[in-house]
Amino acid sequence: MTDLAKLFNEHVQQRVQTYSSILNDCQFDGVVISAGVPHVYFEDDQEAAFHPNPHFAHWCPESSPYHLLCIKPGDKKPTLVFYSPDDYWHEPPSLAHSDWTGHFHVVMVKDMDQRWQQLGSLSNFAFVGPEADEARKRQLIANPRNLLARLDWQRALKSPYEVRCLELANALAAKGHKAVKDTFAGFKQTGSELALHLAYLQAGPMSETDLSYNSIIGINEKSAFLHYHAKRQHVANPQTMLIDCGALYRGYCADITRTFAKDSAHPVFKEILKGLDSIQLKLVDAVKADASFLSLHKSCHEQIAELLLQVGVLKSCDKHTAVSQNLTFNFLPHGLGHMLGIQVHDVAGKQINERGDEAPPDQEFPRLRTLRPLRSNEVITIEPGIYFIPTLLDKCRNADSSNYFNWRLIDELIPFGGMRIEDNILVLKDSRENLTRKFIPF
Ligand code: GLY
Ligand code: MN
Ligand code: MN
């Protein structure tokens, strides 16, 4: 048995126990979890790339639709009804080369209707998945909030198998990031966002469906769009570049960002980038169980305020005024990070207990979605950024706070866009493990 197979075995055993106790507590006799259905575009016969129901992916590293997983408290092995139709338009999904199926009682079916028949009586069962109407027709309780809250609360905690998958996703993404760094370094008078994207895929090698999200690669001013997806083929005078790109390993996501500036870029932009890197590392060092993510976010704003005052982008105030007057928000309009796992923006960032209660919004940062104290074995991203975003800055030019901004310098920096540095961090009792820097030290 490989190390990963051993870890998967323990992961499934742990899931069997956790589900038994959650189902007993919620007073269900069992649960059916569907792999999900593909999204078909309106009035079309084309489908979006398939993403499995994350509750299904938590058990099975299989990324095809329509399978049903049935779990009953006390059963050692869940039943997996695996849908594999006779088809010649598409290759039917197969388990022939899967190393994980021994942990399930597998029933193969070719027919959609046979899937449910294989499961027998489902009295007092819950259902988790998108086919809620179909489940209700069969008298199952579809997506009950109390059950989903309990499952999410547990899913935020990663088993050693899941941590290993996240680490391997980081290792794969690292190959792409290294290739992109070198490719960008080779650009002289012109650059290409598409060439960077292709270099990333080639290095894996990966296809688009091996990515954990649509890659974000912006040269110069486009790096200030937080989620920029165009891939321009010809960009004159490339000076700065932001790449936010991940990879999938057995359904687990890496989510990594790096920013590069050429020697010829604005000296203040380069100084801020250096400063942001040390801020990011300091914030990573503050991650540990029981640390409040909200406090980390606030500390990030204070440190960014200090940096912007030091380089002269902000002026005539102290760091506390810069944060409390929302000046720094204009340079960092997103949260410091988020939970990471099967979903890029994983579950339970606001949840404060297994019942599903949520932390109240913070008064200073009301839109923050990751707010609560961290727990050992959660994986989070730490991704501070500093951007020169014209649409946000323009609103400040005539505001009362306008005097705090050094508009001459800001106008010089706008063409260089923005920067973000993002690592994936495993939370431990009194420390943390950086799953990204071990593969991408830069
Ligand atoms: N790649 C999306 C994010 O960093 O949240
Ligand atoms: Mn992220
Ligand atoms: Mn990202």
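The values are calculated or read from the model by the stated rules, or taken from the named source; none is laboratory data. This one's a predicted model, so the numbers in the text were calculated from it and none came from an experiment. Neighbour counts are summed over all protein chains in view; Cβ atoms, including those assigned to glycine, are modelled from backbone coordinates with ideal geometry. Ligands, DNA and RNA are stripped out before the accessible areas are found, and what is left, the full protein with its side chains, is counted by its heavy atoms. Shrake-Rupley method; radii C 1.70, N 1.55, O 1.52, S 1.80 Å.
Would you mind stating whether residue 217 is in the same structural domain as residue 367 (by TED's automatic domain parsing), within 16 Å of ligand 1 (Cβ to nearest atom) and without any contact (Cβ under 8 Å) to a residue 60 or more places away in the chain? Yes. When 257, 240, 209 are checked against the criterion of being β-branched (Val, Ile, Thr) and either open to solvent by 20 Å² or more (accessible area, probe 1.4 Å) or not assigned by TED's automatic domain parsing to the domain that holds residue 393 (or both), 209 stands alone in meeting it.
Note on the stretch 319-348: residues that are of a type in the set (D, E, K, R) and within 14 Å of ligand 2 (Cβ to nearest atom) total 1.
Among the residues of the stretch 399-425, the one identified as outside any helix (DSSP H, G or I), aliphatic (A, V, I, L, M) and more than 15 Å from ligand 2 (Cβ to nearest atom) is 399.
If a residue has to be small (Gly, Ala, Ser), touching a residue at least 24 places away in the same chain (Cβ under 8 Å) and open to solvent by less than 10 Å² (accessible area, probe 1.4 Å) to count, how many in the stretch 287-306 make the cut? The number of residues fulfilling the criteria is 0. Within the span defined as the stretch 17-31, every residue fails to be assigned to a loop (DSSP other than H, G, I, E, B), closer than 29 Å to residue 160 by Cβ, charged (D, E, K, R) and not assigned by TED's automatic domain parsing to the domain that holds residue 345. Given the criteria open to solvent by less than 20 Å² (accessible area, probe 1.4 Å), more than 26 Å from residue 173 (Cα to Cα) and more than 16 Å from ligand 1 (Cβ to nearest atom), does residue 265 qualify? Answer is yes for this residue. The condition (being away from ligand 3 (no atom under 15 Å from the Cβ) and either at pLDDT below 95 or among the aliphatic types (A, V, I, L, M) (or both)) is satisfied by just one residue among 198, 166: 198.
Of the residues screened, residue 440 is one that is open to solvent by less than 40 Å² (accessible area, probe 1.4 Å), among the aliphatic types (A, V, I, L, M) and not assigned by TED's automatic domain parsing to the domain that holds residue 222. Put simply, of 368, 309 the only residue that is assigned by TED's automatic domain parsing to the domain that holds residue 220 and without any contact (Cβ under 8 Å) to a residue 60 or more places away in the chain is 309.
For the stretch 221-235, the set of residues classified as under 18 Å from residue 183 (Cβ atoms) and either within 16 Å of ligand 3 (Cβ to nearest atom) or touching a strand residue (DSSP E or B) at 6+ places or on another chain (Cβ under 6 Å) (or both) consists of 222, 223, 228, 234, 235, listed by residue number. Residues in the stretch 337-372 that are open to solvent by 30 Å² or more (accessible area, probe 1.4 Å), at pLDDT 95 or above and within 16 Å of ligand 3 (Cβ to nearest atom): 2 in all. Residue count for the stretch 319-336 satisfying the condition of being farther than 23 Å from residue 390 by Cβ, open to solvent by 10 Å² or more (accessible area, probe 1.4 Å) and within 16 Å of ligand 1 (Cβ to nearest atom): 0.
Of the helices (runs of 4 or more DSSP H) lying entirely inside the stretch 32-147, not one carries at least 1 residues that are among the β-branched types (Val, Ile, Thr) and open to solvent by less than 40 Å² (accessible area, probe 1.4 Å). Evaluation of residue 76 against the conditions (1) modelled with pLDDT of 95 or more; (2) assigned by TED's automatic domain parsing to the domain that holds residue 29 shows that the sole unmet condition is (1).
Within the stretch 224-243, the set of residues being assigned to a loop (DSSP other than H, G, I, E, B), over 23 Å from residue 384 (Cβ atoms) and not small (Gly, Ala, Ser) comprises 231, 232, 233, 234, 237, 238.
Any residue in the stretch 256-266 that is more than 30 Å from residue 58 (Cα to Cα), within 16 Å of ligand 2 (Cβ to nearest atom) and aliphatic (A, V, I, L, M)? Looking through the stretch 256-266, none of the residues is more than 30 Å from residue 58 (Cα to Cα), within 16 Å of ligand 2 (Cβ to nearest atom) and aliphatic (A, V, I, L, M). Pairs are defined by a Cβ separation below 6 Å, a sequence spacing of at least 6 or placement on different chains, a first member in the stretch 235-261 that is without any contact (Cβ under 8 Å) to a residue 12 or more places away in the chain, and a second member that is within 16 Å of ligand 2 (Cβ to nearest atom) and of a type outside the set (Ser, Thr, Tyr); no pair meets this definition. Check whether at least one residue in the stretch 397-413 is touching a Ser or Thr at 6+ places or on another chain (Cβ under 7 Å), open to solvent by less than 20 Å² (accessible area, probe 1.4 Å) and more than 16 Å from ligand 1 (Cβ to nearest atom), and report yes or no. Among the residues of the stretch 397-413, not one is touching a Ser or Thr at 6+ places or on another chain (Cβ under 7 Å), open to solvent by less than 20 Å² (accessible area, probe 1.4 Å) and more than 16 Å from ligand 1 (Cβ to nearest atom), which makes the answer no. Restricting the stretch 373-382 to residues that are touching a Lys or Arg at 6+ places or on another chain (Cβ under 6 Å) and in a loop (DSSP other than H, G, I, E, B) leaves a set whose member that is farthest from ligand 3 (Cβ to nearest atom) is 376.
For residue 196, state whether it is part of a helix (DSSP H, G or I), of a type in the set (A, V, I, L, M, F, W, C) and in the same structural domain as residue 421 (by TED's automatic domain parsing). So residue 196 passes the test.
There is no residue in the stretch 375-384 that is surrounded by fewer than 22 Cβ atoms within 10 Å (Cβ to Cβ) and out of contact with any strand residue (DSSP E or B) (no Cβ under 9 Å at 6 or more places or on another chain).
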